[in-house]
Structure formats: C-alpha cells, structure tokens
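Written out below as structure tokens is the structure these notes cover.
The values are calculated or read from the model by the stated rules, or taken from the named source; none is laboratory data. Since this is a predicted model, take the numbers as computed values, not measurements. Positions of Cβ are backbone-derived with ideal geometry, glycine not excepted, and every protein chain shown enters the neighbour counts.
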C-alpha cells in the first residue's frame, strides 16, 4: 500500500466507512494492537509490557492527553483511526464503537503493541499458508494457561493466536516469524492445544475458528489481545482497546521490524 492509499484508507476508517478486520489489509505495513488507559494506571501497564514482551511488544506510547502516535504515524489519530474499538469498564466489556473521541480525556495514555498480522506477509512469501486469510475471516485467538508476569494491577493469562501449518513447514514458520520480535516473534507453543489449556480449537474466545486439516499442526503465537484478558483481573475503571482483528495500521513497513 502506497502512502496515498494508506492515507485514503485511514480517512475511510475515520469516517466509519471501513469497519472490518485488517488481516490482509495494507500489505507491507506494520499493524498494531491498541490499549488506552488513564494516566494513573499507565505506568503499571508499561511495566507489564516490559515484563511480557512476547504478548506486549511496545511500538509507541503517547504522551498523556495526546492521541497522536508520533513515532509510528504522526498524522494519525488513535481516537478515530481504528476500524472498531472495545470499551471495558471494571474489566467488563460494555460496548464496541468506531470512534472514542467522546471518551477521551487529558490524562489518557495510548499504547501501540506489535501484531502478528505483520509477519503474515513473510509467511506467505515463504510459501506458508495463512488459513484465516484464505477464508476471509479473523484469526482464532484463545486464552491459554500460560501466565503473564504480573505488574501492579495487571496479571493474568496470555492470549495466543493459532495458525494451522503443514507439518513439513513448521520449522520454516518458526524461522520466518523469529525475525519479527516486535510482532510477537517465534511461536510460544507447537502442537497439542490441551498442553496450554485450550480444550477445543473450534471455540476460540476471540476471532473465528478455522479448520486444521490432515497433515497440519496447530501453531500458537503470543497475541496482543492479552491485555483484554488481563483486564478481567486488573479491572481498570476504563480501558479502551482495539476490537480483536481490527488493528491500527502504522506508517512503518514490515521490513522496519525485521531483524535480518
């Protein structure tokens, strides 16, 4: 996607004309998860991210009250430029909206976290299929039994995303995604989902189920939806996030995050 196309896409999002998932949108551009908190909890969350870089790799943190992610998209507005947002009050999901300007206050801090959609283009270029893109749906995401390292009020399970990978290509998928630690990097688990507390792949907590075909292995990556699961224990008075699969598209290119 060229700069002008990205600008036009953001404008359509801002006007409420684009509200779908962003998997496969803007190929070559880094996508990001969003968490917005009031300032009194922002430092605890920053420590949580620092202690849990697999699910929460930080790309940018805004100044209090500033909705502009100046490091990764200095012309954007995080109150309007995501296709869909989730609103949590005391850890409970209370609404999904396409604009959060009415909730924005001068003490809010926004965090942009790396997203596994970023490495999917590299998987495709390596000849590795990405099932949810083939199906035109959202990636399946699950609460695992892998516990995050707590920080202040923030504690709880890691959410993981799953992609079925042909058994002969699993090692290559690990190599490819390892190049992108700022987009969750290498998988956290390969194989039996029960080993990480997932009883039924057909029932993801977030996103859409996809078929795991004969000869394929379920492969799990840390996921930036983790803060939404952690909200249930932290119970902040107000937390705003992206809706799962509805990411913020930055100005960065995937190659900017690749280690080699």
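Listing for the model above:
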| read-out | value |
| --- | --- |
| Meets criteria (surrounded by 15 or more Cβ atoms within 10 Å (Cβ to Cβ) and assigned to a loop (DSSP other than H, G, I, E, B)) for residue 187 | yes |
| Residues being surrounded by 16 or more Cβ atoms within 10 Å (Cβ to Cβ), over 29 Å from residue 14 (Cβ atoms), at pLDDT 95 or above and touching a strand residue (DSSP E or B) at 6+ places or on another chain (Cβ under 9 Å) - total across region 206-246 | 9 |
| Scan of region 210-245 for residues that are more than 23 Å from residue 187 (Cβ to Cβ) and in a loop (DSSP other than H, G, I, E, B), ordered by number | 235, 236, 237, 238, 243 |
| Condition broken by residue 177, with the remaining ones in (1) over 23 Å from residue 52 (Cβ atoms); (2) under 16 Å from the mean Cα position of the chain (by Cα) satisfied | (1) |
| Criterion violated by residue 131 - all others in (1) assigned by TED's automatic domain parsing to the domain that holds residue 28; (2) over 13 Å from the mean Cα position of the chain (by Cα) satisfied | (1) |
| Residue match in region 165-177 (condition: closer than 22 Å to residue 35 by Cα and modelled with pLDDT of 95 or more) | no |
| Sole exception among (1) outside any helix (DSSP H, G or I); (2) at pLDDT 95 or above; (3) at negative phi for residue 127, by number | (3) |
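Quick grid of which residues meet (1) out of contact with any helix residue (DSSP H, G or I) (no Cβ under 7 Å at 6 or more places or on another chain); (2) more than 30 Å from residue 233 (Cα to Cα); (3) crowded, with 24+ Cβ neighbours inside 10 Å:
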position	(1), (2), (3)
125	yes, yes, no
130	no, yes, no
139	no, no, yes
145	no, no, no
150	yes, no, no
171	yes, yes, no
174	yes, yes, no
183	no, no, yes
194	yes, no, no
